[in-house]
1. May I ask you to sort 95, 222, 36 by Cβ crowding, counting other Cβ atoms within 10 Å and putting the fewest first?
2. If contacts are Cα pairs under 8 angstrom and at least 6 residues apart, what is the relative contact order of the chain in percent?
3. Between residue 165 and residue 28, what is the label-to-label distance in nm when each label sits 7 Å out along the Cα-to-Cβ direction?
4. Order by neighbour count: 320, 339, 94, fewest other Cβ atoms within 10 Å first, most last.
5. Need the C-alpha centroid separation for the range 96-125 versus the range 219-264, integer Å.
6. Just grab the label-to-label distance for residue 83 and residue 136, each label 7 Å out from Cα along the Cβ direction, in nm (one decimal).
7. Using only the Cα atoms of the range 89-245, construct the convex hull and provide its projected area averaged over every direction, in square nanometres to one decimal.
8. Quick check: convex hull over the Cα atoms of the range 172-221, volume per residue in Å³, rounded to an integer?
């Protein structure tokens, strides 16, 4: 018996030594972070990276994962897909992470089959609908409405609240005219193009005419060619699929050239920097918001502001964005999934998914986010999308669209995965 005890103790010691040599400790959970702080989406990525760091610190200071601390290994990949693939391999093999907080659509989709094979929960800032079908991408997760649902909701909100109610359109409505719709986005980027099929399908469902798509770079400094095309078409509504910097350029040129159309904007192009960059052209901009804006009086915001000041005191509060809140959403989702999995006695990628994330039903993340639900058959976090309008120097709620209520057959049977 003494011999057995000796060898068991020796084996346990060897495991501890090996684990320590890999940077592991019994009270640590290693998580990767792939962010863009210097590339094509750094205008929104820098603040997101700050938020990841701050949210992890808050989780650790508030009990961690059932007493275990998260160790975040975060890197900037410069919005280069190949670099993201390389970093993922290093995080998996060198840092031995059990989950990753990712970023862009192109790299997230490129890694989707790999993370599925590795059973690596990958909670990203890409809300591509392509990642919501667990039959295809079971380990890709996020907390926000997917891009396709968001785009559908933004167009629907404009149609309901502007086209159908604004007196200036009454004569055209009375004549049976259709509103005219057009898309501005960078065709080569997966984030920008991800919801285009869905948003045009929604415009058609609502009875709109659809003009020719306009290609606009994420780094565009001039959008006059695209705006003039929209003016010739007499567009009533422009969908913007880019990030804030190039969206603001297009909106300023639209004002200068007196386009007269409304602008509906995807989530990564609609934030506190939009009115700073676009100035008066931002008035009446309509956009998707998956959470509260930075500093809003909502549940959990006090902690966000406190940890922004505590962890990154040199970053001005006046420059913080909604992107910080989105990062907190990703961290809080993963942390809750890990807590639930850890309680089963076995914390790994598979239990985080199956015993953690997929057991959430109407789970409240706070911070103005819609409660999230996941099942083994459907990883769309919510059927509700909040749409805001920037009016009179503030972001104001415009509409909330619940697709499960309004188009239940399409939501349940047709719209999963795109």
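Bear in mind these aren't lab numbers, they're just calculated from the coordinates by the rules spelled out. In this text the structure is predicted, and so the values were computed from the model without any measurement. Counting neighbours? That spans all protein chains shown, and the Cβs are built from the backbone with ideal geometry, glycine included.
1. 222, 95, 36
2. Across the chain, relative contact order equals 18 percent.
3. For the pair residue 165/residue 28, the computed spacing is 5.4 nm.
4. Going from least to most buried by this count: 94, 339, 320.
5. If we compute the Cα centre of each part, the gap is 34 Å.
6. Here the modelled spin labels are 2.8 nm apart.
7. Working: hull surface 43.9 nm².
Taking the Cα atoms of the range 89-245, their convex hull projects to 11.0 nm² on average.
8. 76 Å³
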